[in-house]
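Down below is the structure, laid out as structure tokens.
The values are calculated or read from the model by the stated rules, or taken from the named source; none is laboratory data. Owing to the predicted nature of the structure, the values given are computational and were not obtained by experimental measurement. A quick note on method: Cβ atoms are made from the backbone with ideal geometry, for glycine too, and the neighbour counts reach across all protein chains shown.
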Amino acid sequence: MKIEGMELAALLSGIIGFKESDSGIIPERFTPEQYPAFSKSKAWEIRTRCPAGCSIQLATDSEFIEIELEIGEGSRLYFGLDLEADGVLVDSVKGESEGGSITHRFDLTGNKKNYTLYLPQTKTVEIRKLELSSNASIEQVPEKKAKLLTLGDSITQGMHAKQPSQTYTVQLAKILDMDLLNQGVGGHVYDVASLPNEFPFKPELITIAYGVNDWNKNTSKQQIAENVSAYLNRLLGLCPESLIVVLTPIWCTSGATVKEGGTLPEFSTVIAETADKFESVRVINGYSLVPNIPEYFADGGHPTDLGFMHYAINLAKEIVNHHPYESIWPEIVQGILMERFQPSF
């Protein structure tokens, strides 16, 4: 049974929209009006088109899922595909590609389960074909009760995770039981122009994780304070009912280097102090999220898959345990957290 066109698009999660070509479906995680802000950099432009956090979700009793992808440009040479059955990782594909067509068949049990097939966060893709066994049933997986929007740079996009399901954004969404829209873009900075006039995706929770690229580009303390303030003012206007969490940069091996904005911890302090001026915004110290040890990083700045696991667990813990802010959480978020994390006896 081949699934194509609008039927295939209806199974996509983590997207704002999609493009349909003669040969397949291209997931999109940004609105059309957002793309011009990323055209300043060819790298940014490519990375906006990588389906970070995007997945195909379906309930089926098929004996297999076969997918054909056209791999295009990317932010890294490597790519991955991960398959979960009822929330458990059951198969993973890792490879390297300069581009071209790949086909992979995942063998299943034939028992009805909810499957999530995570797409590569490091490559642009066109989904050419999705095929199930001929007699299989297929249903859409219901949406979660709440939505999570993650904004940030390459770490938020998911570099250097070798598996797309292991990024901190995907893991955080799973822990909090929320649908994810990941708008992380490698190399990006606090840039108010990248925000749309309106989000068609209405999130209950928003995390913002910029700063390290601003610091690397020798942004001054005064300028980063202005940029953060402008960004938060615009975002609060767009999403006044969302809980907004600002994450300062995580630890990196070069963080003690003195740049225009000082060391990375000094630069991060300015971000935190600026965000703290907004009553409905909370701040989490990024240095508390990933172990401050080089072995948890692939290149001194981007976490490994294990580093991302620590990131997600510690971030979820910070969000759940920060009781002073419960009163500003959207009611539905409070309900989810109470349901998932309150002990029952």
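Tally up the residues in region 252-290 that are at pLDDT 95 or above, surrounded by fewer than 22 Cβ atoms within 10 Å (Cβ to Cβ) and assigned to a loop (DSSP other than H, G, I, E, B), please.
Of the residues in that region, 11 qualify.
Considering only residues that are part of a loop (DSSP other than H, G, I, E, B) and either small (Gly, Ala, Ser) or at pLDDT 95 or above (or both), which ones fall in region 67-83? Spell out how you get there, then give the answer.
Going residue by residue through region 67-83, those that are part of a loop (DSSP other than H, G, I, E, B) are 75-77.
Passing the criteria: only Ser75.
Under 6 Å by Cβ, and 6 or more places apart or on different chains, what pairs join a residue from region 62-83 that is of a type in the set (D, E, K, R) with one that is crowded, with 18+ Cβ neighbours inside 10 Å and outside any strand (DSSP E or B)?
So the pair list comes out as Glu63/Leu108; Glu73/Ile46; Arg76/Thr122; Asp82/Gln163; Asp82/Pro164; Asp82/Ser165.
If you check every pair at least six apart or on different chains, which have Cβ atoms under 6 Å apart with a residue in region 221-240 that is within 27 Å of Lys259 (Cα to Cα) first and a residue that is at pLDDT 95 or above and of a type in the set (D, E, K, R) second?
Ile224/Asp214
Can you give me the number of residues within region 35-71 that are touching a strand residue (DSSP E or B) at 6+ places or on another chain (Cβ under 8 Å) and of a type outside the set (D, E, K, R)?
Of the residues in that region, 18 qualify.
Which residues, counting only those in region 161-199, are hydrophobic (A, V, I, L, M, F, W, C) and in a strand (DSSP E or B)?
Going through region 161-199, the residues hydrophobic (A, V, I, L, M, F, W, C) turn out to be 161, 170, 172-173, 175-176, 178, 180-181, 185, 189, 192-193, 195, 199.
Within region 161-199, Leu180, Leu181 meet the criteria.
Looking at region 265-293, which of its residues are over 23 Å from the mean Cα position of the chain (by Cα) and not aromatic (Phe, Trp, Tyr)?
Narrowing region 265-293 to residues over 23 Å from the mean Cα position of the chain (by Cα): 265-267, 269-270, 273-274, 276-279, 293.
Scanning region 265-293 gives Pro265, Glu266, Thr269, Val270, Glu273, Thr274, Asp276, Lys277, Glu279, Ile293.
Any idea which residue in region 124-146 is nearest to Ile175 (Cα to Cα), counting only those that are more than 26 Å from the chain's Cα centre (by Cα) and assigned to a loop (DSSP other than H, G, I, E, B)?
Ser137
Given the structure, is Arg47 under 27 Å from Leu149 (Cβ atoms) and either among the acidic types (Asp, Glu) or surrounded by fewer than 22 Cβ atoms within 10 Å (Cβ to Cβ) (or both)?
The answer is no for Arg47.
Of all residues in region 27-40, how many are farther than 19 Å from Glu126 by Cα and surrounded by 15 or more Cβ atoms within 10 Å (Cβ to Cβ)?
Let us first name the residues in region 27-40 that are farther than 19 Å from Glu126 by Cα, namely 33-34, 36-40.
Okay, now just the ones that are also surrounded by 15 or more Cβ atoms within 10 Å (Cβ to Cβ), so 34, 37-38.
The number of residues fulfilling the criteria is 3.
Condition first: touching a Leu at 6+ places or on another chain (Cβ under 7 Å), surrounded by 14 or more Cβ atoms within 10 Å (Cβ to Cβ) and of a type in the set (Asp, Glu). Now tell me which residues in region 80-121 satisfy that.
Asp82, Asp91
Can you confirm whether region 28-42 contains a residue that is β-branched (Val, Ile, Thr), closer than 24 Å to His160 by Cβ and at pLDDT 95 or above?
no
For region 1-27, enumerate the residues that are farther than 21 Å from Thr60 by Cβ and either hydrophobic (A, V, I, L, M, F, W, C) or in contact with a Cys (Cβ under 9 Å, 6 or more places away or on another chain) (or both).
Ile16, Ile26
Give me the residue from region 84-100 that is in a loop (DSSP other than H, G, I, E, B) and at pLDDT 95 or above and, out of that set, farthest from the chain's Cα centre (by Cα).
Taking region 84-100 and keeping what is in a loop (DSSP other than H, G, I, E, B), we get 86-87, 97-99.
When the remaining residues are screened for being at pLDDT 95 or above, the result is 86-87.
Numbers: Asp86: 20, Gly87: 17 Å.
So, considering only residues that are in a loop (DSSP other than H, G, I, E, B) and at pLDDT 95 or above, the one farthest from the chain's Cα centre (by Cα) is Asp86.
Here is a check on your reading of the model: is Ile293 at pLDDT 95 or above and farther than 18 Å from Leu148 by Cβ? Walk me through it before giving the result.
Numbers: at pLDDT 95 or above: yes; farther than 18 Å from Leu148 by Cβ: yes.
It is true that Ile293 is at pLDDT 95 or above and farther than 18 Å from Leu148 by Cβ.
So which of Leu81, Leu58, Leu77 is more than 26 Å from Ala193 (Cα to Cα) and in contact with a Gly (Cβ under 9 Å, 6 or more places away or on another chain)?
On the way: Leu58 fails: in contact with a Gly (Cβ under 9 Å, 6 or more places away or on another chain); Leu77 fails: in contact with a Gly (Cβ under 9 Å, 6 or more places away or on another chain).
So the residue among Leu81, Leu58, Leu77 that is more than 26 Å from Ala193 (Cα to Cα) and in contact with a Gly (Cβ under 9 Å, 6 or more places away or on another chain) is Leu81.
Test Val228 against the criterion of being buried (at least 23 other Cβ atoms within 10 Å of the Cβ), on the phi < 0 side of the Ramachandran plot and not in a helix (DSSP H, G or I), and give yes or no. Steps first, answer last, please.
Numbers: buried (at least 23 other Cβ atoms within 10 Å of the Cβ): yes; on the phi < 0 side of the Ramachandran plot: yes; not in a helix (DSSP H, G or I): no.
Judged against the criteria, Val228 is not a match.
Filtering region 13-26 down to residues that are within 13 Å of Lys129 (Cα to Cα) and in contact (Cβ under 8 Å) with a residue 60 or more places away in the chain, which residue is surrounded by the most Cβ atoms within 10 Å (Cβ to Cβ)?
Step one: list which residues in region 13-26 are within 13 Å of Lys129 (Cα to Cα), which gives 20-26.
Adding the requirement that they be in contact (Cβ under 8 Å) with a residue 60 or more places away in the chain leaves 21, 23-26.
Values: Ser21: 10, Ser23: 14, Gly24: 20, Ile25: 25, Ile26: 20.
Per the stated criteria, the residue is Ile25.
Taking the condition among the small types (Gly, Ala, Ser), part of a helix (DSSP H, G or I) and surrounded by fewer than 21 Cβ atoms within 10 Å (Cβ to Cβ), does Gly237 pass?
Numbers: among the small types (Gly, Ala, Ser): yes; part of a helix (DSSP H, G or I): yes; surrounded by fewer than 21 Cβ atoms within 10 Å (Cβ to Cβ): yes.
Yes, satisfied.
Only one of Thr150, Thr124, Thr156 is within 30 Å of Val192 (Cβ to Cβ), surrounded by fewer than 24 Cβ atoms within 10 Å (Cβ to Cβ) and at pLDDT 95 or above; which? Explain how you work it out, then say what you get.
Working: Thr150 fails: surrounded by fewer than 24 Cβ atoms within 10 Å (Cβ to Cβ); Thr156 fails: surrounded by fewer than 24 Cβ atoms within 10 Å (Cβ to Cβ).
After applying the criteria, what remains is Thr124.
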